Every structure is written in C-alpha cells, then in structure tokens.
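A.B. asks: What follows is a single structure, and I will ask about it in a moment.
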Amino acid sequence: MKNSLLVLLILVICMACGQDPVPKPNAHLRLEYPEANYQKLQLDLPFNLEKNLIATNVETKPLQGETKSYGVTLQYPSIKGAIYLTYKSIDNKEENLMAFLRDAQKFTQEHTKKADEIIEQVYENNERRVYGMIYEVGGNAASQSQFYVTDSTNHFLTGSLYFYAKPNYDSIYPAAKYLEKDIKHIMETVSWK
C-alpha cells in the first residue's frame with residue numbers, strides 16, 4: 001500500500017511540473033472577397049443599373065400573368081448567393097404605388113420572426129428621380145437585405161438577397177455585408193428609361 005501511494009505521489013508531482021495553461025484566443029472566420037468592379041448592365045427592360053463583375057449569371061424573364069413586369073436574377077456562384085430583382089410598371093399611379101409599397105414593406109416585416117433586428121435606411125436621388133428604402137436584416141432570417149426604389153410615377157423595382165444555404169447569420173455575415181454594398185450600388189445606379 002505504501003508503494004502504491006508513493007508511486008501515485010511521484011506521478012502527481014511529475015504531472016504538476018508542466019507549463020501553465022494558456023487560453024487560446026477566439027478564432028474569427030476570415031473571408032476575403034475581390035474588390036468590387038462594376039459595369040453597366042444593358043437590359044431590354046425599362047431600367048438600367050450597374051452590376052458587380054463577380055455576378056456572372058444574369059437571368060431575365062417576364063413575370064407570368066402580369067404586364068410590364070420582369071424578374072432579374074444576379075447570381076454570385078463564388079459566394080453561393082443571388083440578388084433577385086422584380087420590376088413592376090405603375091399603371092394606376094397612386095393606387096398601384098401604394099399597393100407596391102405595402103407589399104415591399106410587408107415582405108420585409110415577415111422576416112421579424114427570425115430576425116434579431118431590421119435597420120431601415122431611406123434613399124433619395126432627386127436628380128435621377130430614384131426614391132426608396134433598404135432594409136438590413138440581422139439574424140437567421142431567410143433574406144439578409146431587401147430594398148425597393150421607384151420614381152413614384154411609372155417604375156417600381158424591388159430586390160432581395162438570398163444565399164443557397166440554411167440561414168446561419170454568423171457564417172454568412174461577411175458575404176451578406178459584401179453583397180449589401182452591391183445592393184446599395186444598384187440603388188445608386190438605377191436609371192429609368
């Protein structure tokens with residue numbers, strides 16, 4: 001019994017004579033995206049805009065059942081995301097505009113179930129007659145950014161950012177911030193025909 005206690009005591013002493021434990025620093029995900037370069041996107045649609053060159057796939061199609069309405073998808077394969085744009089012509093000026101504004105705001109508010117926060121930013125450019133709003137959605141919502149722009153008389157354009165993955169805000173945050181800059185650039189370069 002004395003021998004086993006002596007062996008145990010020697011083992012404890014040997015194991016205690018090590019280096020002090022040092023906590024490891026928190027790791028942060030580091031994703032780097034290329035500097036954004038934009039080019040004018042010439043579409044056979046009632047508006048023009050500039051897109052980031054890494055948006056390699058651009059799809060346009062008329063929306064079924066609606067006249068003068070189009071869908072445009074800017075796909076970012078390297079980021080595994082897309083910005084979906086929907087254009088609608090304002091026919092019955094005040095009535096349609098109010099309905100489009102309600103729909104755009106309602107769409108964003110549906111994300112409050114999963115969102116931690118929704119930050120609204122007003123956008124106005126009187127010279128180009130472009131007025132709108134961008135919504136930055138924080139948390140595990142399906143879409144991290146939405147926006148709309150209009151000239152208040154003839155044109156209404158909405159857009160949403162989606163990723164091809166289950167929403168995990170911590171993981172997609174860098175990509176969401178990068179594409180949010182693209183959305184702001186789209187809003188700043190939209191011109192009506």
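A.B. asks: Students often check this: by mean Cβ neighbours within 10 Å, which of 39-52, 117-130, 174-187 ranks highest, and how do the rest follow?
C.D. replies: 174-187, 39-52, 117-130
A.B. asks: Simple spin-label model, 7 Å along Cα-to-Cβ: residue 35 to residue 57 in nm?
C.D. replies: 2.9 nm
A.B. asks: May I ask you to compute the full-extension gain from residue 109 to residue 126, defined as 0.36 nm times their residue separation minus their alpha-carbon distance, rounded to one decimal in nm?
C.D. replies: 3.4 nm
A.B. asks: Compute, for segment 110-176, the length of the dipole vector about the Cα centre, with Cβ point charges of +1 (Lys, Arg) and -1 (Asp, Glu) only. Units Debye, rounded to 20. The partial results should precede the final answer.
C.D. replies: Working: 5 positive and 9 negative charges, 49 e Å.
Using only the charged Cβ atoms, the result is roughly 240 debye.
A.B. asks: For the chain, what is the mean residue ellipticity at 222 nm derived from helices alone (per DSSP H run of n ≥ 4: -39500 (n - 2.57); sum divided by total residues; nearest 500 deg cm²/dmol)?
C.D. replies: On the way: 3 runs with 53 residues, N = 193.
Computed mean residue ellipticity for the chain: -9500 deg cm²/dmol.
A.B. asks: Which length gain, in nm to one decimal place, applies between residue 7 and residue 69 when the Cα-Cα distance is subtracted from 0.36 nm times their residue separation?
C.D. replies: Extending this stretch completely gives an extra 13.9 nm.
A.B. asks: Could you bin all the Cα-Cα distances of the chain into 5 Å bins starting at 0 and give me the percent of pairs in each, rounded to whole numbers?
C.D. replies: 1, 7, 14, 16, 16, 13, 8, 4, 2, 2, 2, 2, 3, 3, 2, 2, 2, 1, 1, 0
A.B. asks: Right, another one. Subtract the Cα-Cα distance of residue 165 and residue 184 from 0.36 nm times their separation in residues, and report this length gain in nm to one decimal.
C.D. replies: Roughly 4.6 nm would be gained on extension.
A.B. asks: Would you calculate the volume per residue, in Å³, of the smallest convex hull containing every Cα atom of segment 81-176?
C.D. replies: Given the Cα convex hull of segment 81-176, per-residue volume reads 93 Å³.
Laboratory data are not the source of any read-out in this text; all were calculated from the coordinates shown. Owing to the predicted nature of the structure, the values given are computational and were not obtained by experimental measurement. Cβ coordinates were reconstructed from backbone atoms using ideal geometry, including for glycine residues, and neighbour counts include every protein chain displayed.
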